[in-house]
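Here is the structure we will look at.
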Amino acid sequence: MSLLPPPSRPARPSGRVGSSEAVLWRLDWVLALAVASLVGLGSLLVWSATRQRLIDADLDPQAFVKRHLLNALIGLVVASAAALVDYRSLHAYAPVVYVASCLGLVAVLTPLGSTINGAHSWIVVGGGFQVQPAELAKLALVIGMSMLLADKRDREETPSAGDILLVLALAAVPMALVMLQPDLGTVLVLVFLVLGVLSVAGAPAVWVGGLVLAGVLVSVSAVQLGVLDDYQVKRFAAFANPELDPRGAGYNSNQARIAIGSGGLLGKGLFQGTQTRGSFIPEQQTDFIFTVAGEELGLLGGSTLLALLAVVLWRGLQIASRAPDTFGRLVAAGVVAWFTFQSFVNIGMTLGIMPVTGLPLPFVSYGGSAMLANLVAVGLLQNVHLRSREP
Amino acid sequence: MSDRPQLRLFVLRVLVVTILATLFGRLWFLQVYAGVDYDRAASANRIREVVEPARRGEVYDARGVPLVRNRTALVVSISRAALQRQSDGGSAVLARVADVIDVPADLLARQITPCGGRVEPPCWRGSPQLPVPVQEYAADDPDGVRRVLRIEERREDFPGVSAELTAVRDYPGGALGAHLLGYLGPISPQETGLPEYAGVRATALVGRAGVEAAYDRDLRGSDGVQRLFVDSLGAVTGVQGETATQPGSTLVLSVDSAVQRVAEQALERAIRTARATPSRAGDLLTADSGSVVVLEAKTGRVVAMASYPSYDPSVFLGGATPGEYAELVDEARGAPLLFRAIAGTYAPASTFKVISAAAAVQSGDYRLDGRYPCPAVFEPTGQRNFDSTALGVIDLRTALVKSCDTVFYAFAYEQWLRDGGNRPVAGLRDPMVRMAQAFGLGERTGVDLPGERRGTVADRAYRQRVWEETRGNRCAGAVNPALPEERRAANREFCEEGNRLRGGDATNFAIGQGDTLVTPLQLAAVYAALANGGTIVEPHVGRALLAPDGTAREIDPVMRGRVPVAPEVLAYLREALGGVTQPGGTAAGAFAGSGLAVAGKTGSGEVAGKQDTSWFASFAPAADPELVVVGMVSQGGTGGTVAAPMVREVYDGIYGAPGREAALPGGRLPALLPTVRPDGSIAPPGLP
């Protein structure tokens, strides 16, 4: 199959972008403010999660939050570019992004990659920066799939079996590479993302159902055949019964729930969480950032965070439904599916209703690659919004 | 665009709403519905309590001589819980420990098994979760230190085994006063919840007998607790609060260790002598056990209290071994753990006659200066005098000095008849029963020691109760052809009228025979009342508690009341008892040549199937009594031959005798208390 840009199509009249002043005016400001609020809230939580440990280590207590804000700033710049460039020209970049992320995933598996927390997911690029190609793969897959399906869909109502197989083949490469790291959480997000884009693209229910079934079968056999690493199986077993091994695999999950449960209605106050200050929860600034909100800001803070995510997803769905073309709709739907599932798995694991996997909470968790990918995805949503018929 | 894409987006919309609602519902559940539980879990997570055990108070005698002290020791402990987690159940570790500390592995396994069910001692009486101390070495014992180091240096070879410096009890006097002092044992899981053990940690040792148990609350002080905030690695991040350690108070006993030693030595010697002395039946006396009680007559303070056989209290340090514990409770070995002075009950025999005499006179039926016949046989019941001698018509004094049974038989029988004999009348007087109860028999003396028994006054209610409880068996035994005719007849008699007080029961009661039983301490309290002019004292072992800051809390003597006996009657009885140790008295031989005027009464208690219980109950000086001394030897023959010489030796030891220095000159305990010096040590009374 060809990954080269397909022949360009005549632009739709609604897709014109006016002067920069008009662009600013027509941005989806509700979405932008919700994302900014999430990033701001996330910065506070990252600060709180890392402050005590940095003080104990005699380091700058704001070191992590400074880096976090820098990551957000880099993300903002790249996202602005992603928002302003006409997304239809992404046809040209899509293969580049896709190939680049796949190459990155391959590089992770070579000695260039480094292992953090049992997952071989990072490439250290120097200067204290590491890149997690898996995060960029999500972005690449959203764009690549949307492009493949939109090319066909503008003519036909439903993607053909060939189209679907093509899309699956496209998705299979990064998924297989991520699986080898192994990073189960990202694979699950990619699966959900593929299903979301396919179903919004109009793939027959039989296909979607069949894919879900196949996914379940693969998961079960993966556990049965020992394809998964020991630590992954343990985490799943601990999810089924966290008290099984409260000092081992179930520890994170138990401590996370203690932190959130003890937060109560209004929380213990920012920087006052005993679980947080006592470093009872590993990976708290990344995968378990939601526990800081739960413990220190209580139900009020936790539900505010959920509400902000809801606003982002609501705006994403609005943008999808008003998208000027299939490509825009699929990109927006793909981003929504991605954020939805990743948020669910991340928050769900801190609440003990999902197994523990290493997935960051979009916009909130510490981590440069994820922040960049998330903000660029929001940039794409804005891009689609700017070109939609009813801004 | 058609509606179909919108419809497909609608599915995604529903999914988003569902997921967000699920997350919010779960968040609400954790934080609001189950929040309290998690709040508690968070507190437990971050707060660690560090306990600084309180130093247990020491025990001193009235003159400031240490009886129980603390010293540091290296204690090797094994955690059974940790062993059970090992693949082989810990047998390899146990074998290695056994080799290092030189204790058989199977014995160690038994020692760390929690008691309960059919588990035989030695077993662990403390909480099953706690490490069990199995071996102890003095901190300055080079061999012990070397063994402990072998464990400490190879920690990885000994998982579940710990060796720590611990404060343990030390007994400078060895076995001296073992029963009085008692011992410590681990608190049981059931006890930790009780109010009297509030604040006692689960690993604590608490008093299990003697003053260690009676004054446990004062001796143990209160542990200091530091409540620390910790992080996930256990590193301390702050202090929530702390309560300071409050060391236990020092207990000063009224006991004089020198007199205690005198009493214990006299008791042991008397028993050894008795075992070489023929009994009435001609064989040698068994003299299995005995007791000596020395009280201050006016205050009831215990000066000494000995019990034979005794034991070395240090066997309880770190738990007694199987053999040791078995020996301590083995009846055949005399059950050394039993404190016979307060927990052994015996028929008082003729020592009871002072009560009978007081009852006879106080009832108004008999004159103090009357003269009464003392035949060899009391005809109405056919009972004989102890040695079948007839003394003619004698006064009450002679009846006591020579211990004539038939005089008291007559008193009891006639009073029994006045109460209606076999058909009791309304408004029973039962003067002797009432007098026995007025002197405190049948009730605990209230001594500040655990395990005291109340004994028995065999009154009509008692007979009724026993009859009702045992009638079924006895009536069956009355017609059991397997039993000899003699036993059948006895059973038949009991079955028919065992609840009734018959003439023979009344006469037996008057001479302290039958079912009436007293402890040596109860008898000492009776003689103290006689000696001090009629006041019933509550015997006390504790004299004062000295707080760590030096303030003393005296334990004041308690007077429980007065006996209903006129002063001239008491004076008469005292004078009469003075004659017992004089020529012609039953204890004349024992007190021949004594420089001290001792008043007392011998007793030879008949016990079915055993040799007589030898008693001597006394006070001195006879004219103005200071001390009461009661001696008892079980299966020791007559009072005059075994108990009286033993008591004489106690007096000689206390007051001094030719060739013997006085242990307590004048028989007076020091009026002043020992004091706490600024450095925490104890100064004898009156010394800086």
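The values are calculated or read from the model by the stated rules, or taken from the named source; none is laboratory data. Since this is a predicted model, take the numbers as computed values, not measurements. All Cβ positions, even for glycine, are placed from backbone atoms using ideal geometry, and neighbour counts span all protein chains on display.
Inspect all residues belonging to region B:535-553 and state whether any of them is within 17 Å of residue B:457 (Cα to Cα), in a loop (DSSP other than H, G, I, E, B) and in contact with a helix residue (DSSP H, G or I) (Cβ under 7 Å, 6 or more places away or on another chain).
No: region B:535-553 contains no residue that is within 17 Å of residue B:457 (Cα to Cα), in a loop (DSSP other than H, G, I, E, B) and in contact with a helix residue (DSSP H, G or I) (Cβ under 7 Å, 6 or more places away or on another chain).
Suppose the filter is surrounded by fewer than 17 Cβ atoms within 10 Å (Cβ to Cβ) and either in contact with a helix residue (DSSP H, G or I) (Cβ under 8 Å, 6 or more places away or on another chain) or part of a loop (DSSP other than H, G, I, E, B) (or both); does residue B:490 pass it? Steps first, please.
On the way: surrounded by fewer than 17 Cβ atoms within 10 Å (Cβ to Cβ): yes; either in contact with a helix residue (DSSP H, G or I) (Cβ under 8 Å, 6 or more places away or on another chain) or part of a loop (DSSP other than H, G, I, E, B) (or both): no.
So residue B:490 fails the test.
From the list B:272, B:227, which residue is at pLDDT 90 or above, surrounded by fewer than 22 Cβ atoms within 10 Å (Cβ to Cβ) and of a type outside the set (A, V, I, L, M, F, W, C)? Steps first, answer last, please.
Details: B:227 fails: at pLDDT 90 or above.
The unique qualifying residue is B:272.
Of (1) in a helix (DSSP H, G or I); (2) more than 30 Å from the chain's Cα centre (by Cα); (3) hydrophobic (A, V, I, L, M, F, W, C); (4) under 22 Å from residue B:428 (Cβ atoms), residue B:501 satisfies all except one. Which?
(1)
Matching residues to (1) away from chain A (no Cβ under 14 Å); (2) touching an Asp or Glu at 6+ places or on another chain (Cβ under 8 Å); (3) not in a loop (DSSP other than H, G, I, E, B):
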position: B:189; (1), (2), (3): yes, no, no
position: B:199; (1), (2), (3): yes, yes, no
position: B:206; (1), (2), (3): yes, yes, yes
position: B:213; (1), (2), (3): yes, no, yes
position: B:219; (1), (2), (3): yes, yes, yes
position: B:228; (1), (2), (3): no, yes, yes
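Return the residues of region A:298-322 that are over 30 Å from residue A:263 (Cβ atoms) and more than 9 Å from every other protein chain (Cβ to nearest Cβ); say none if nothing qualifies.
Residues satisfying the conditions are A:318, A:319, A:322.
When you look at residue B:13, is it in contact with a Leu (Cβ under 6 Å, 6 or more places away or on another chain), in contact (Cβ under 8 Å) with a residue 12 or more places away in the chain and either part of a strand (DSSP E or B) or not assigned by TED's automatic domain parsing to the domain that holds residue B:140 (or both), yes or no?
Details: in contact with a Leu (Cβ under 6 Å, 6 or more places away or on another chain): yes; in contact (Cβ under 8 Å) with a residue 12 or more places away in the chain: no; either part of a strand (DSSP E or B) or not assigned by TED's automatic domain parsing to the domain that holds residue B:140 (or both): yes.
Judged against the criteria, residue B:13 is not a match.
Got a number for residues in region A:329-371 being at the interface with chain B (Cβ under 8 Å from one of its Cβ atoms), part of a helix (DSSP H, G or I), over 20 Å from residue A:31 (Cα atoms) and in contact (Cβ under 8 Å) with a residue 24 or more places away in the chain?
Residues flagged as at the interface with chain B (Cβ under 8 Å from one of its Cβ atoms), part of a helix (DSSP H, G or I), over 20 Å from residue A:31 (Cα atoms) and in contact (Cβ under 8 Å) with a residue 24 or more places away in the chain within region A:329-371 amount to 1.
Tell me whether region B:227-234 contains one or more residues that are small (Gly, Ala, Ser) and more than 30 Å from the chain's Cα centre (by Cα). Quick ask: steps written out before the conclusion?
To start, the set of residues in region B:227-234 that are small (Gly, Ala, Ser) comprises B:232, B:234.
So of that shortlist, the ones also more than 30 Å from the chain's Cα centre (by Cα) come out as B:232, B:234.
Looking for residues that are small (Gly, Ala, Ser) and more than 30 Å from the chain's Cα centre (by Cα), one finds at least one in region B:227-234, hence yes.
Give the residues of region A:96-113 that are farther than 17 Å from residue A:140 by Cα and assigned to a helix (DSSP H, G or I), sorted by residue number. Let's see the steps before the verdict.
Keep residues of region A:96-113 that are farther than 17 Å from residue A:140 by Cα, which gives A:109-113.
A:109, the sole residue that qualifies.
Out of B:174, B:90, B:144, which single residue is closer than 29 Å to residue B:55 by Cα and either surrounded by 18 or more Cβ atoms within 10 Å (Cβ to Cβ) or of a type in the set (A, V, I, L, M) (or both)?
On the way: B:174 fails: either surrounded by 18 or more Cβ atoms within 10 Å (Cβ to Cβ) or of a type in the set (A, V, I, L, M) (or both); B:90 fails: closer than 29 Å to residue B:55 by Cα.
Matching residue, one of B:174, B:90, B:144: B:144.
Check off (1) in contact (Cβ under 8 Å) with a residue 24 or more places away in the chain; (2) of a type in the set (Asp, Glu); (3) closer than 29 Å to residue B:644 by Cβ for residue B:387 and give me the number that stays unchecked.
Only one criterion is unmet by residue B:387, namely (1).
Mind listing whichever residues of region B:445-460 are in contact with a helix residue (DSSP H, G or I) (Cβ under 8 Å, 6 or more places away or on another chain) and in a loop (DSSP other than H, G, I, E, B)?
The answer is B:445, B:447, B:448, B:449, B:450, B:451, B:452, B:453, B:455, B:457, B:458, B:459.
Tell me, which residue of region B:24-54 that is among the aliphatic types (A, V, I, L, M) and not in a helix (DSSP H, G or I) is farthest from the other protein chains (Cβ to nearest Cβ)? Working first, answer last.
Our first condition is that a residue be among the aliphatic types (A, V, I, L, M); within region B:24-54, this holds for B:27, B:30, B:32, B:34, B:36, B:41-42, B:44, B:47, B:50-51, B:54.
Those still in the list that are not in a helix (DSSP H, G or I) too: B:34, B:47, B:50-51, B:54.
Values: B:34: 6, B:47: 9, B:50: 17, B:51: 21, B:54: 30 Å.
Out of the qualifying residues, it is B:54.
Could you list, in sequence order, the residues of region B:85-122 that are of a type in the set (Gly, Ala, Ser), more than 25 Å from residue B:188 (Cβ to Cβ) and in a loop (DSSP other than H, G, I, E, B)?
Looking only at region B:85-122, we keep the residues that are of a type in the set (Gly, Ala, Ser), and these are B:87, B:89-92, B:95, B:98, B:105, B:109, B:116-117.
Adding the requirement that they be more than 25 Å from residue B:188 (Cβ to Cβ) leaves B:87, B:91-92, B:95, B:98, B:105.
If the condition is that a residue be of a type in the set (Gly, Ala, Ser), more than 25 Å from residue B:188 (Cβ to Cβ) and in a loop (DSSP other than H, G, I, E, B), then B:87 is the only one that fits.
Can you work out which of the residues in region A:260-277 that are buried (at least 24 other Cβ atoms within 10 Å of the Cβ) and in a loop (DSSP other than H, G, I, E, B) is farthest from the other protein chains (Cβ to nearest Cβ)?
Our first condition is that a residue be buried (at least 24 other Cβ atoms within 10 Å of the Cβ); within region A:260-277, this holds for A:260-263, A:273, A:275-277.
Filter once more, so that each one left must be in a loop (DSSP other than H, G, I, E, B): A:262-263, A:273.
Working: A:262: 4, A:263: 5, A:273: 9 Å.
Of everything passing the filter in region A:260-277, A:273 is farthest from the other protein chains (Cβ to nearest Cβ).
Give B:79, B:43 a once-over and let me know the one that is surrounded by 18 or more Cβ atoms within 10 Å (Cβ to Cβ), closer than 30 Å to residue B:230 by Cβ and hydroxyl-bearing (Ser, Thr, Tyr). Lay out the reasoning, then the answer.
Details: B:43 fails: surrounded by 18 or more Cβ atoms within 10 Å (Cβ to Cβ).
When all the criteria are applied, what remains is B:79.
In region A:190-222, what count of residues is obtained for those that are buried (at least 19 other Cβ atoms within 10 Å of the Cβ) and more than 15 Å from residue A:330 (Cβ to Cβ)?
Of the residues in that region, 2 qualify.
Among the residues of region A:299-318, write down those that are within 20 Å of residue A:79 (Cα to Cα) and within 18 Å of the chain's Cα centre (by Cα). Don't jump to the end; show me each part of the working.
Here is the first cut: in region A:299-318, the residues within 20 Å of residue A:79 (Cα to Cα) are A:308-309, A:311-318.
If the condition is that a residue be within 20 Å of residue A:79 (Cα to Cα) and within 18 Å of the chain's Cα centre (by Cα), then A:308, A:309, A:311, A:312, A:313, A:314, A:315, A:316, A:317 are the ones that fit.
Please determine, by comparing only the residues of region B:235-260 that are outside any helix (DSSP H, G or I) and polar (S, T, N, Q), which one is nearest to the chain's Cα centre (by Cα).
Only one residue tops the list, namely B:254.
Could you tell me how many of the residues in region A:283-297 are without any contact (Cβ under 8 Å) to a residue 40 or more places away in the chain and at the interface with another protein chain (Cβ under 10 Å from one of its Cβ atoms)?
To start, the set of residues in region A:283-297 that are without any contact (Cβ under 8 Å) to a residue 40 or more places away in the chain comprises A:295, A:297.
Of the ones still in play, those that are also at the interface with another protein chain (Cβ under 10 Å from one of its Cβ atoms) are A:295.
Adding up the residues that qualify gives 1.
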